[in-house]
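Q: One structure is given below, represented as structure tokens, and several questions about it will come after.
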Amino acid sequence: MADPSVPPYSSTSTELEIRARSVLVEVEEARDRVERVARLDAGRLTVAAASTLAIHPLGPWVGRLLDAHPGLRVHVREPGSVPAVLAEITEGAAEIGLVELPVHRASLETVELARDETVIAAGPGLAAGLPDPLPRALVRDLPSGALALAPGGRTASERTMAEVLGEPRVRSVRRQLLWDLVGRDVLVAFVSRAVAERLLPDARLRSLDPPVFRRVGLVRRPEPPTPAARTLLEITLPPRTRRPRRAAPPATPSGVPRQTDREARRGSADTAASACRVSRRIRRAGLSRP
């Protein structure tokens, strides 16, 4: 016989129980997603790159990141000019930018990674008889091609190249068109040595005298990076910044810290602590606000 002091089990009670179970399931799924992102089993990273920097050096770095963490998704955006990359970082469309330094944006942080040589690429006919290195004064006499000026002005190396080239025979917004014309021995063009060695294997390369270099650097917002961004920073920063600190996880051959099961279970709290460590390493590597 039912106890009259206990209210009957209503349909409302059943609905509340179902909703509560649903909330618990959603919480557990959310916790699992956070842990997967912290372990780099999942997640998304967006990187913006100017000019040919998406080809080199960003391409090999992203390759190493994905080899180590195949569950990640990396989106590489090429908005064109350095100001366009800075805008994407500032607005949150991308987390990390790869640009030519210097940049002038007080709200962002930068670190210089390398100096990239820019050379003259030519076909075998135009290259015949050209010395290596090639005096800058001789470049104006060669038929040349150049990219159309992107909005936002020229970088330091682009200004130098414009002075050396003079008035080019061909201007184009399509970089590939210029490279095709170089391959057909129609004209010469400025190109990053690293990019030319990968994509223009038949071109003859000439350094300039004096040489032309561009300063390649990372730019980011001054906030703790996501786990994926933190790992990419570990890959790209100079070796001295990737030496693990005391009590830090041991480093892999690629310089990416291994993460133990215990660390993975710590989830977002461990991620925040690691982000702070990376931020300190970045500052010691020469991170500064322009």
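Q: Can you list the HN-Hα couplings for the stretch 190-201, worked out from phi with the Karplus curve (6.51, -1.76, 1.60; θ = phi - 60°), rounded to whole Hz and with x for Gly and Pro?
A: Rounded to whole hertz, the list is 6, 7, 4, 4, 4, 5, 4, 5, 8, 10, 10, x.
Q: Under the rule of at least 5 residues apart or a separate chain, name every residue whose amide H is placed under 5 Å from the amide H of Leu45.
A: So Leu45 has HN proximity to Arg73, Val74, His75.
Q: Determine the share of the stretch 172-234's accessible area contributed by carbon and sulfur atoms, expressed in whole percent, with a 1.4 angstrom probe.
A: 50
Q: While we're looking at this one, here's another question. How much net charge surrounds Asp132 when only other residues with a Cβ under 11 Å from its Cβ are counted (Lys, Arg +1; Asp, Glu -1)?
A: Taking every Cβ under 11 Å from that of Asp132, the sum is +1.
Q: Check Ala114: other-chain or 5+ apart residues with amide H under 5 Å from its amide H, H built from backbone geometry?
A: Val216
Q: Report the extension gain between Asp180 and Ala156 in nm, rounded to one decimal, defined as 0.36 nm multiplied by the number of residues separating them, less their alpha carbon distance.
A: 6.1 nm
Q: What distance in nm separates the two pseudo spin-label positions at Arg105 and Asp67, each 7 Å out from Cα along the beta-carbon direction?
A: Distance between label points: 3.0 nm.
Q: Once phi is turned into θ = phi - 60°, what whole-Hz ³J(HN,Hα) does the Karplus curve with 6.51, -1.76 and 1.60 give for every residue of the stretch 131-141, x standing for Gly and Pro?
A: x, 9, x, 9, x, 4, 5, 7, 5, 4, 7
Q: Further, regarding this structure: Under 5 Å between amide hydrogens, which residues at least 5 positions from Leu134 or on another chain qualify, with H placed 1.01 Å from N in the peptide plane?
A: Excluding prolines and chain starts, which carry no amide H, the hits are Ser207, Leu208, Asp209.
Q: Using a 1.4 angstrom probe with every protein chain in place, what is the largest-first accessible-area order of Phe190, Phe213?
A: Phe213, Phe190
The values are calculated or read from the model by the stated rules, or taken from the named source; none is laboratory data. Computed from a predicted model, the values in this text were never measured in an experiment. Here the Cβ is made from the backbone with ideal geometry for all residues, glycine too, and neighbour counts use every protein chain on show. With ligands, DNA and RNA removed, areas are computed over all heavy atoms of the protein, side chains included. Shrake-Rupley method; radii C 1.70, N 1.55, O 1.52, S 1.80 Å.
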